[in-house]
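So the structure is just underneath, and the comments pick up after that.
Where a number appears in this text, it was derived from the coordinates with a stated rule and is not lab data. The model shown is predicted, which means the values in this text are computed figures rather than measured ones. All Cβ positions, glycine included, derive from the backbone under ideal geometry; neighbour counts span all protein chains shown.
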């Protein structure tokens, strides 16, 4: 339950944060949410990764569909990954997911879940 | 708490975030994290293909309301209540659709590319600054801001650009800023002046060959040089119809005492060279036909300026209207006004005058501080301007430029002149001291008849242009307009002595004596960068003239009657190679078929059967052009190499003209490096054999067809750095000496045809799109229309037509 809640919160707050802050707000959100909802390291990483991977990949895919793939095709060629908007949307998701996942993992080590269970 | 794993993962997280927040080198100049973020990065520039452009905006700078009606091609039809609001909105729209290009072009003009591109641009920046580009812009600005009406317009335009810049959030930045990781800079009136100086450099700087001719002069005599680079070609069809009488010149020019030896016999030894020269094919076509030659009995005006083709295009299409005036045409992002266009009464178009308005003077400095120089029998202090060139990723580079009575010392011991210690070359250039050249367009936009047109253009100074004109009342005219030095014969062909004022320009050709023609009996006028008048013109007017296109236009127009707009479209897209018409019979005559290789024989047959049209699928054109290039090299290169300088070879049409008169081409046919004597037969045959090797390779690769061989490409402004943003492999024929002057990535940057009937019938197209955003469907939507020789109807909208089906979106501006 906590796992899904943290995915949902990270995704939601990353989206809102992204409107007002630079891109790295995703790392801050991932870190804080796991501090507040402590989890095992693997679960923390996964919740951060999945939340922002989905957020970024879905946002990118939606924009790309509306754009008819015009720009993502050109940027794909520019970055040397070929004229494939889908690949570019996935790479976008992986980069965002990786940063958030690592931030979440750091938080998990800072405040291990097991200890919390014992003290509360 | 698990401190070790925490420290490790936290370090990795922070490290990765920092890594993704900064440029990763030349290949990946963008901060990847920001660039990929769908909320702030490049995805934000991917415009919805069903996006609308409606909106309501308010700005305190406005005095009243302004409506902008966009048509289906995103061409804005602007309706303002007064001039200032009109140009505010023009500035706003230019910035909204073309900000990066305006920013880049004016930074380049000022010599500030190193700020964006790093150390590799330092030489470019130094050259721009030493040419005095900013100095020239500052001088113009002073005049532009002296007149209160002009100042109000330029200031309103600037405010419009800045209103858009200030409205931008990081996520809205044009894509190129996100890729190159910098931010747009505020607009100023100076930047508008800089943009106009960029045009001056493009069109009135590369029109001299002084440094090259000075080098060549060490090997060739003045007579030889005048034959190789002739001022009045035999095949010239000038702007002013031949036979026109010219008035006796108002000026009496004195050749300096001793010029016979000091200037003509003892060439200066120089090592200086210009590295970033404008394209020699920058030029254009325009022509007007009178009602006597058209089916509708109304005049038709046509214009296609040939420039570097780029995405976004140099042009942005607009209509600008107030209750007093209404004009439509091509505008230049970075400047107010319509530059080429029409209104309800007249139409006008421009081509480049190609006149030489730039000279070099040899300066002798007192010592290596270069703070004083010998002039009129004494040491005269030189003003020094310290140029600070900021360089991305490196410390600022300083360059001191000395200014003399002639102008800035472009070349000296610190810049490309290693031979001459304590000497320098000062550059005197018309663009350094001009008035408000833009104002000519303000008045042209509002001209109602010939007198208005003449009044509008007569203060225009640089870059000299051929202004074609047609009016609804039936007048056609063509003026070559600019401010041009009055020179004695051969003045300024070579570097001149600068130790006194004797070699300085002695005056300017009076404006009324500029070459022009109005309502000629033959019923048509044309200009295509040819010399404006024949040898009867009473001044020495050197320039980088291009002869063949004007010849072809004259040939077609002279035999056309009942001309329609369709006839004119066909002519703008015409591929006839008029130089080849004269040249091919000579090539055939001088070829020894028995000395040709089997491959060469095959290509020889293709040229013999060629229809002389340089269409996209033509094989004959490919072979002919390569054969001519090889022949030119065979004839000229051995002699020119003696100067140790990479000079431009004499033009193709010059070779054609000389060969018609003399099969030894003044003796140049013989190869001076070979022991035995060569004849024209040997050189022509040898050139085809060499060409055949290249052709066989091209044929093997499937690119013998002319369009494939040329590889027509329209690059993004940043060229190879953004190659995926280019349009490649366009199926277009033509060449620089053909009416449809498409080269590899250079050619007709705007085609316009206006029939001054009631109602006006106008057509136009440019190879690009209204939006500069590579993520927009309007980025390159007109490229295929242009490539296939088609046009869009141009709509000069009336204020009452806001309900017309052609209006797709409305953007309202108001005070607030």
Cα-Cα pairs of the protein assembly as shown separated by more than 41 Å (percent): 45
For region B:515-571 versus region B:643-675, the gap between their alpha-carbon centres in whole angstrom: 28
With Cα atoms, 0 to 90° folded angle of helix A:25-36 axis to chain A main axis: 20
Counting other chain Cβ atoms within 10 Å of each Cβ in B:125-138 and taking the mean gives 0
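Per residue of chain A, what 222 nm ellipticity follows from adding -39500 (n - 2.57) for every DSSP H run with n ≥ 4, rounded to the nearest 500? Don't jump to the answer; show the numbers that get you there.
Numbers: 6 runs with 100 residues, N = 120.
The helix contribution divided over chain A gives -28000 deg cm²/dmol.
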How many angstrom separate the Cα center of region B:419-498 from the Cα center of region B:75-129? 23
Within 10 Å of each Cβ in peptide A:57-70, how many partner chain Cβ atoms are there on average? Round it to a whole number, please. 5
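When Rg is the radius of gyration of the Cα atoms in region A:2-115 and Rh is its Kirkwood radius, what does Rg/Rh come to? Show your work: numbers first, answer last.
On the way: Rg = 15.1 Å, Rh = 14.2 Å.
Reported Rg/Rh, Kirkwood definition of Rh: 1.06.
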Extended-chain gain in nm, criterion 0.36 nm per residue less alpha-carbon gap, residue B:489 and residue B:664: 60.2 nm
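What is region A:2-115's relative contact order, in percent, from Cα pairs under 8 angstrom and six or more apart in sequence? It would help to have the intermediate numbers written out before the result.
Numbers: 174 pairs, mean separation 44.8, N = 114.
Relative contact order comes out at 39 percent.
Give me a single rounded figure for A:87-96: the average over its residues of other chain Cβ atoms within 10 Å of their Cβ.
Details: counts 0, 3, 3, 0, 2, 8, 2, 1, 7, 6.
So the per-residue partner count for this stretch is 3.
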Measure nothing but the geometry: give the 0 to 90° angle between the long axis through the Cα atoms of A:85-110 and the longest principal axis through the Cα atoms of chain A, rounded to 10°. 20
Which residue, A:33, A:70, A:95, has the most motion in a Gaussian network model of chain A that connects Cα atoms within less than 10 Å? A:70
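Applying a 10 Å radius around every beta-carbon, put B:64-70, B:157-163, B:252-258 in order of their mean neighbour count, most first. Kindly include the intermediate steps, with their values, before the conclusion.
Numbers: B:64-70: 19.7, B:157-163: 23.7, B:252-258: 12.0.
Put in order of decreasing packing, that is B:157-163, B:64-70, B:252-258.
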Helix-only CD estimate at 222 nm, as mean residue ellipticity for chain B, using -39500 (n - 2.57) per DSSP H run (n ≥ 4): -9500 deg cm²/dmol
